[in-house]
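Below is one structure, written out as structure tokens; comments come after it.
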Amino acid sequence: MPLTVHQFPCLSDNYAYLVRDDASGKVATIDTPDAEAIIREAENLGWNVDLVLNTHWHPDHAGGNAALKERFACELVGPAEVKEHFPLDRIVGDGDQVTLGTVRFDVLDTGGHTLGHICYYAPEEATIFVGDTLFPLGCGRVFEGTPQQMWASLSRLAALPPETVAWSAHEYTLANGRFAVTVDSSPALAERMRQIEATRARGEPTVPTTIGEERRTNPFFRAPELSNETDPALAFAEIRAAKDNFKG
Ligand code: ZN
Ligand code: FE
């Protein structure tokens with residue numbers, strides 16, 4: 001695996017990522033939740049940031065673009081929507097490729113949380129950065145798109161190889177799990193919840209996850225099996241609305 005992923009928490013519940021192609025030494029940061037923390041971490045590692053890859057426009061994902069650019073003169077890459085709020089050098093969309101040294105990322109449109117949300121998928125590395133589209137046992141709130149759009153986005157992610165490692169932008173897993181067990185009584189989910197509680201009790205991250213694990217236990221991936229709705233997108237909409245109204 002020529003890709004080293006350095007993950008660290010910042011803000012209240014975000015994860016920041018410094019990602020290095022070991023073959024070339026090139027470094028990307030996935031989103032810019034907290035420029036100060038990312039700069040400090042990169043300096044501690046002795047890494048120079050070459051590339052910023054934004055998943056969507058929200059301030060906890062692109063708010064640090066200007067400061068990162070100022071410090072590293074890095075290239076800012078992201079969906080067009082970022083440019084309406086924060087600096088951006090290069091607009092990418094579905095089907096585009098971004099290279100980090102020897103590693104190729106495919107851009108996947110996963111709109112729904114925001115209209116232009118994208119994910120960065122490195123098929124050769126079996127790695128995807130999913131921003132606020134997918135979380136362990138959860139998915140992003142549908143702020144700008146429709147449930148149909150979000151369901152299509154989640155379905156694209158669900159179709160990736162099960163061993164694909166998915167890195168989310170927040171640590172929301174305990175809260176997601178508390179909701180999940182109210183709509184899914186499967187032993188697989190109950191067992192996973194026990195593991196998650198133990199992981200968090202040790203203060204360790206529950207991110208990353210894998211596509212296969214989410215297919216097994218994520219109630220949003222499993223919406224058609226958990227709902228009486230026959231239309232999968234409506235089943236998803238029902239579970240999403242239940243989570244939005246859930247007072248854990
Ligand atoms: Zn967001
Ligand atoms: Fe976020």
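Which part of the range 81-112 falls in the paramagnetic zone of Ala159, meaning amide N under 12 Å from the point 7 Å along Cα-to-beta-carbon? The answer is 109, whose backbone nitrogens lie closer than 12 Å to the label point.
Take the Cα of Thr182, step 7 Å toward its Cβ, do the same at Ala241, and the gap between the two points is 1.5 nm.
If only the Cβ of Lys and Arg carry +1 and only the Cβ of Asp and Glu carry -1, the dipole of the chain around its Cα centre is close to 500 debye. Partners of Lys243 within straight-line reach, counting aspartates and glutamates whose Cα lies under 16 Å from its Cα and excluding those fewer than 8 residues away in the same chain: Asp132, Asp184.
State the extension gain, in nm to one decimal, for the chain segment bounded by Glu225 and Gln195, taking 0.36 nm per residue of separation less the distance between their alpha-carbons. Taking 0.36 nm per residue and subtracting the Cα distance, the gain is 8.5 nm.
Straight Cα distances below 23 angstrom link Lys69 to the lysines Lys26, Lys83, with same-chain residues fewer than 8 positions distant left out.
For the pair Arg202 and Ala80, a Förster radius of 51 Å applied to the C-beta separation gives a FRET efficiency near 0.80, rounded to the nearest 0.05.
Bear in mind these aren't lab numbers, they're just calculated from the coordinates by the rules spelled out. Every value quoted in this text rests on a predicted model; they were computed, and no experiment measured them. With ideal geometry, Cβ positions are generated from the backbone for all residues, glycine too; neighbour counts draw on all protein chains shown.
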